[in-house]
Each structure stands twice: as structure tokens, then as C-alpha cells.
Amino acid sequence: MFVFVTIILVFVAYTISIKFVYYRYRQLWPHLRNKISTPSYTVGNASFCPTQVRSSETRALLVTAHPDDECMFFAPTVLKLVESHAALYLLCLSTGDYNNQGLQRKRELLDSCAVLGIPSNHVTIIDDKELPDDPAVQWSTALISSLILKHIRNYSISVVLTFDGRGVSGHANHIAIYKTLRHLASAGRLPQGCQIFSLHSISLLRKYLSVLELPVSWLVPSDFCCLIGREEYKRAKRAMLCHRSQLLWFRRLYILFSRYMIVNTFQAITVETKNVKIY
């Protein structure tokens, strides 16, 4: 009896903690949104933020490696930015042609973006033999750099979002994007005020705890966080289901149990400013 009562009390306490996370997040979201809406400029050792920048001026670039990354890993971020009326652009660096399904996966990506709220004219899919969907191939850093910098210049991007050094799933193509952006940031090749955030990779156990993982994500420090509720999760799920060619049994389990379908936490990458102009 004592064990049963203890289990019930723990369950109630954990449920309350999850509701508390949602409650606090709703309060903090305007601050988090403004964090990426207002670019930080660095002069010497002093930092300042322009005060007259509206949230509608947020221009974000999501850089992914394959079709389905946008919803499999970044759906909460995409949905929150779209909800906030940010101008969100997607740069997908391959067609996902590992099994000769490139054309189909392009269509699936556009369908997924339509569900998530990214206009088709904001989506760029790269089809280059130097960037194949293959973890055994080392992607060209120079090519990735030129593609990212071109997008930042053409669309006046203020925030870039991508994977971190572990690539969430450990995929070499994901990690190649992070290494390229880290290089651009450390070399001072990004425009002044452009911020970069990398998606936290977490342990396998945490990854598949679904909503039960939220209190842990709340307690672990991060620089930016996006959390969605039940209705937004249903939308993220619909986006995942657009990738019909990828819906193997384990991806269906992923949709049900992955915390990346509910919450994204990011780490900021330090950007060195050298007042470089991009031509």
C-alpha cells in the first residue's frame, strides 16, 4: 500500500511540474522571442541591443542536412517562429537521395513545410554531388560556407539555427553544418549582429521520454528554448507524416516518444565581429 501511494504521489508531483513548465514558458516566451528578434552587437568588450526593433523583423535561417530534419528535429522551433510572424527561411543542403528517392523527398519536404507554415518560396533544397546524403562522405566546408553566407546576405538573416557538434543523431552531415557555422563564427565572417544557435544533443534516455523530459530540459541551462503544446504537436506530427518515404516503424515510434517533437533547447555560438562585409 505504501509503495502504491508513493507512486501516485510521485506521478502527481511530476504532472504538476510539467504543467508548471508550460505555465512558466508561456510567461517567458515573449522574452525569448525578443532575444532573437533584437540582434546583439559587440563593440570592444561592450554589448548593446538596439531598442527599436520589432519582433516582426526577425529573419531566421534554419540550416538542415536532409528533408525531414525540419520536422523531425526542429518542429517546435519552426512552429513557434511562424506563430511569432518571423520571416523563416529553410536551407536544406541535400535532396536526401541516399536511396535514390531525391525527387520524392523534395516534394515531401515542400509538403511538410506547407503544414509547418514555411512558404515554398522560403525553401531552398540543394542538389550538389559534393553534398550527398551519405554519412561516409565528408561534406565540403567551403561549399557549405558559400551557401550559408549567400542566404544570410540575400535574405538579411539575423538568426541562424542548426545542429550542434553531436548532430542530435550523430549523423556526419549534421555535424558538418555545425563545424562550418562554428568556423564562420570564429573567423568573423558573419555580418555584425547575426546570431547562431545550435540544437542541444541529449542522451538516448532523455531523447525518448517525450513530455516527461520537459522538467529536465527546464532545469538544464540553455540560451534559447521552444516548447509546443498538444495542438502544435499534432501539426508537427502531420508534417512528419508528409515524409511518407521515410515512415519506417522506428520513425513512427520516434513521432510518439521523441522529446524533439515537443521541445527544442539551443546553445548560442559565440560570433566574432570583424566588421566584414559580404559581397
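The values are calculated or read from the model by the stated rules, or taken from the named source; none is laboratory data. Just so we're clear, the structure is a prediction, and the values are computed from it rather than from any experiment. Backbone-built Cβ (ideal geometry, glycine too); neighbour counts: all protein chains shown. To get the accessible areas, we keep the full protein, side chains included, count just its heavy atoms, and leave off ligands, DNA and RNA. Shrake-Rupley method; radii C 1.70, N 1.55, O 1.52, S 1.80 Å.
The residues of the chain have, on average, 50 Å² of accessible surface per residue, using a 1.4 Å probe with all protein chains present.
Across 5 Å bins from the origin, how do the percents of Cα pairs in the stretch 109-169 run, short distances first? Using 5 Å bins, I get a P(r) of 3, 13, 17, 25, 25, 14, 2 for the stretch 109-169. So, R0 is 30 Å and r is the distance between the beta-carbons of residue 57 and residue 146; what FRET efficiency does that work out to, to 0.05? Between residue 57 and residue 146 the formula returns 0.70.
Pick from 150, 237, 106 the residue whose mean-square fluctuation is largest in a GNM of the chain, springs joining Cα atoms under 10 Å. Highest fluctuation of the listed residues: 150. Here the spin labels are modelled as points 7 Å beyond Cα on the Cα-Cβ line, and at residue 205 and residue 10 they lie 1.2 nm apart.
When the chain is treated as a GNM with alpha-carbon contacts under 10 Å, the residue of 123, 63, 12 showing the greatest mean-square fluctuation is 12. Remark: the stretch 59-269 carries a charge dipole of roughly 260 debye about the Cα centre, counting +1 on each Lys and Arg Cβ and -1 on each Asp and Glu Cβ. How fast does the stretch 59-269 diffuse by Stokes-Einstein, in µm²/s, taking the Kirkwood radius from C-alpha pairs at 20 °C and 1.002 mPa s? The Stokes-Einstein estimate is 126 µm²/s.
Per-residue Karplus couplings for the stretch 134-143, computed as 6.51 cos²θ - 1.76 cosθ + 1.60 with θ equal to phi - 60°, are listed in order as 7, x, 7, 9, 7, 6, 6, 5, 5, 5 Hz, Gly and Pro entered as x.
The alpha-carbon atoms of the stretch 148-241 define a convex hull whose volume equals 141 cubic angstrom per residue.
For the chain, the relative contact order works out to 24 percent when only alpha carbon pairs closer than 8 Å and six or more residues apart are counted.
Under the criterion of Cα pairs below 8 Å and six or more residues apart, the relative contact order for the stretch 123-202 equals 34 percent.
Ordering 21, 221, 113 by Cα displacement along the dipole of the chain toward the positive end leaves 21 in first place; charges were set at the Cβ atoms of Lys, Arg (+1) and Asp, Glu (-1).
Computed over neighbours whose Cβ is under 13 Å from that of residue 29, the net charge equals +3, Lys and Arg +1, Asp and Glu -1. For the stretch 2-25, the residues whose backbone nitrogen is under 17 Å from a point 7 Å from the Cα of residue 83, taken along Cα to Cβ, are 18-25.
Among 140, 203, 245, the largest mean-square fluctuation in a Gaussian network model of the chain (Cα springs under 10 Å) belongs to 203. Taking the DSSP beta bridges in the chain as the whole, what percent of them are antiparallel, to the nearest 5? If we restrict to bridges inside the chain, about 40 percent are antiparallel. Pairs 129/150; 129/179; 106/237; 35/237; 80/179; 150/207: which are spaced more than 23 Å apart, C-alpha to C-alpha? The pairs that break the limit, which is 23 Å between Cα atoms, are 35/237; 80/179; 150/207. What separates the Cα centres of the stretch 1-34 and the stretch 126-187 is a distance of 36 Å.
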